[in-house]
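Chemist: Provided herewith is a single structure, encoded as structure tokens, for subsequent inquiry.
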Amino acid sequence: MDELLRQLYQDRTNDEDTLGIISMEKRKQLDANTDYFDVVLFVILSDNKPDWEIKHYEYDGYKVAMHLVNTLQLNDWLLNNSNRKVIDWLVNGKVIYDRNEFMKKFRQQMMEFPIEERQIKIGVEFSKLIRRFTDGKSLYYEGHYLDSYNQIVHALHHLARLSVIEHGFYPEVTVWQQVKKIEPEIHKLYSELVTGNESIDKKLELLLIANEFELMTKTKLGSAHLLELMKTKDEPWTIQELKDQLSIHEYSLDLSILLEYLVQKGYVNVVKQQTKGKAIFHRQYVVNEPNG
């Protein structure tokens with residue numbers, strides 16, 4: 001098996017754009033983390049290469065997947081938490097090639113989890129949490145309990161990932177195992193939703209109240225990155241200016257609902273600017289500074 005893998009990745013090590021290679025073997029008969037392949041070769045490339053390529057191989061009954069990913073795509077996945085199995089590969093995989101200690105430094109950075117990067121990821125999860133919770137709440141009051149249930153489950157997942165990031169860890173595929181150790185009360189909310197004996201409408205009624213409380217406790221943390229950005233200039237921000245600033249971050253998708261939530265909670269003030277239309281105003285935003 002090792003000889004097979006060596007044949008597959010040997011040419012990659014001669015390419016100066018190859019920064020590191022990780023081997024991830026399946027840990028059980030059907031391992032979804034390796035997409036049911038026997039081994040995944042995760043090849044990290046410089047930004048000169050395409051974002052993401054996949055190659056599948058088979059030899060003597062062994063199935064091997066090779067993922068070739070440049071650092072821009074990799075950092076996007078890590079920032080937006082949009083490919084969590086990659087975190088498993090990075091943390092638990094075996095480094096079989098490391099150009100100029102790139103992988104050693106990359107793993108060290110992951111372990112340190114810089115505060116600026118952490119705040120951005122928290123902002124991403126918080127904006128998604130607001131969206132899912134708001135949608136779930138609306139669906140509940142409209143009587144669409146199954147659709148509401150689906151949204152609230154997703155909201156709890158974002159709450160769980162936010163909690164894990166807050167404590168300085170990257171959310172993994174087994175995020176609920178992480179949360180159970182870090183914030184067991186959030187794990188209890190999820191457990192009650194999934195396994196409770198109450199009717200679905202009763203479970204949702206109780207969870208909406210609990211979720212509302214958790215949102216309140218996480219608002220200052222979850223909005224910190226956006227509010228710090230808004231403080232970088234004295235003039236009010238338009239929604240488009242904020243969207244442009246956040247364009248590389250996934251929470252720009254839910255920026256409008258996040259801003260409105262922060263207005264309702266008193267973290268952001270609305271400034272009206274006259275338009276050419278009679279009694280029509282542009283809506284702009286500034287941070288509410290209690291002592292300012």
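The values are calculated or read from the model by the stated rules, or taken from the named source; none is laboratory data. Computed from a predicted structure; not experimentally measured. Neighbour counts run over all protein chains shown; Cβ positions are idealised from the backbone, glycine included.
Chemist: Which number in (1) in contact (Cβ under 8 Å) with a residue 60 or more places away in the chain; (2) basic (Lys, Arg); (3) surrounded by fewer than 21 Cβ atoms within 10 Å (Cβ to Cβ) marks the one condition that Arg131 misses?
Modeler: (3)
Chemist: Sticking with this one: Tell me, please, whether a residue that is crowded, with 19+ Cβ neighbours inside 10 Å, within 30 Å of Val164 (Cα to Cα) and not assigned by TED's automatic domain parsing to the domain that holds Phe169 can be found in segment 9-18.
Modeler: The answer is no, given that none of the residues of segment 9-18 is crowded, with 19+ Cβ neighbours inside 10 Å, within 30 Å of Val164 (Cα to Cα) and not assigned by TED's automatic domain parsing to the domain that holds Phe169.
Chemist: When only residues in segment 148-203 that are at pLDDT below 90 and aromatic (Phe, Trp, Tyr) count, which is surrounded by the fewest Cβ atoms within 10 Å (Cβ to Cβ)?
Modeler: Trp176
Chemist: From (1) buried (at least 19 other Cβ atoms within 10 Å of the Cβ); (2) touching a helix residue (DSSP H, G or I) at 6+ places or on another chain (Cβ under 7 Å), pick out the condition that doesn't hold for Trp77.
Modeler: Checking Trp77 against (1) buried (at least 19 other Cβ atoms within 10 Å of the Cβ); (2) touching a helix residue (DSSP H, G or I) at 6+ places or on another chain (Cβ under 7 Å), the one that fails is (1).
Chemist: Anything in segment 140-151 that is farther than 19 Å from Ser82 by Cα and under 24 Å from the mean Cα position of the chain (by Cα)? List them, or say none.
Modeler: Matches in segment 140-151: Asp147, Ser148, Tyr149.
Chemist: Condition (residue is in a strand (DSSP E or B) and either more than 30 Å from Leu229 (Cβ to Cβ) or outside the structural domain of Gly168 (by TED's automatic domain parsing) (or both)) applied to segment 70-83: is it met by at least one residue?
Modeler: yes
Chemist: Looking at Leu262, Leu215, Leu246, Leu207 in this structure, which one is surrounded by 18 or more Cβ atoms within 10 Å (Cβ to Cβ) and at pLDDT 95 or above?
Modeler: Being surrounded by 18 or more Cβ atoms within 10 Å (Cβ to Cβ) and at pLDDT 95 or above holds for just one of Leu262, Leu215, Leu246, Leu207, which is Leu262.
Chemist: Go through segment 98-151 and report how many residues are assigned by TED's automatic domain parsing to the domain that holds Leu229 and touching a Ser or Thr at 6+ places or on another chain (Cβ under 7 Å).
Modeler: 4
Chemist: Now, a different point. Got a sec? Which of Lys180, Lys203, Lys243, Lys218 is of a type outside the set (A, V, I, L, M) and either out of contact with any Leu (no Cβ under 8 Å at 6 or more places or on another chain) or not in a helix (DSSP H, G or I) (or both)? Write out each step before concluding.
Modeler: On the way: Lys203 fails: either out of contact with any Leu (no Cβ under 8 Å at 6 or more places or on another chain) or not in a helix (DSSP H, G or I) (or both); Lys243 fails: either out of contact with any Leu (no Cβ under 8 Å at 6 or more places or on another chain) or not in a helix (DSSP H, G or I) (or both); Lys218 fails: either out of contact with any Leu (no Cβ under 8 Å at 6 or more places or on another chain) or not in a helix (DSSP H, G or I) (or both).
From the options Lys180, Lys203, Lys243, Lys218, the qualifying one is Lys180.
Chemist: Across segment 1-31, which residue is modelled with the lowest pLDDT among those that are hydrophobic (A, V, I, L, M, F, W, C) and in contact with a helix residue (DSSP H, G or I) (Cβ under 8 Å, 6 or more places away or on another chain)? Lay out the reasoning, then the answer.
Modeler: Residues of segment 1-31 that are hydrophobic (A, V, I, L, M, F, W, C), as a first pass: 1, 4-5, 8, 19, 21-22, 24, 30.
Pick out the ones that are also in contact with a helix residue (DSSP H, G or I) (Cβ under 8 Å, 6 or more places away or on another chain) and you get 19, 21-22, 24.
Numbers: Leu19: 96, Ile21: 96, Ile22: 96, Met24: 92.
Checked segment 1-31; the qualifying residue modelled with the lowest pLDDT is Met24.
Chemist: Here is a further query. How many residues does segment 53-82 hold that are acidic (Asp, Glu) and under 13 Å from the mean Cα position of the chain (by Cα)? Show your work before the answer.
Modeler: Of all residues in segment 53-82, those acidic (Asp, Glu) come to 53, 58, 60, 76.
Add one more test, that the residue is under 13 Å from the mean Cα position of the chain (by Cα), and what stays is 76.
Here the count works out to 1.
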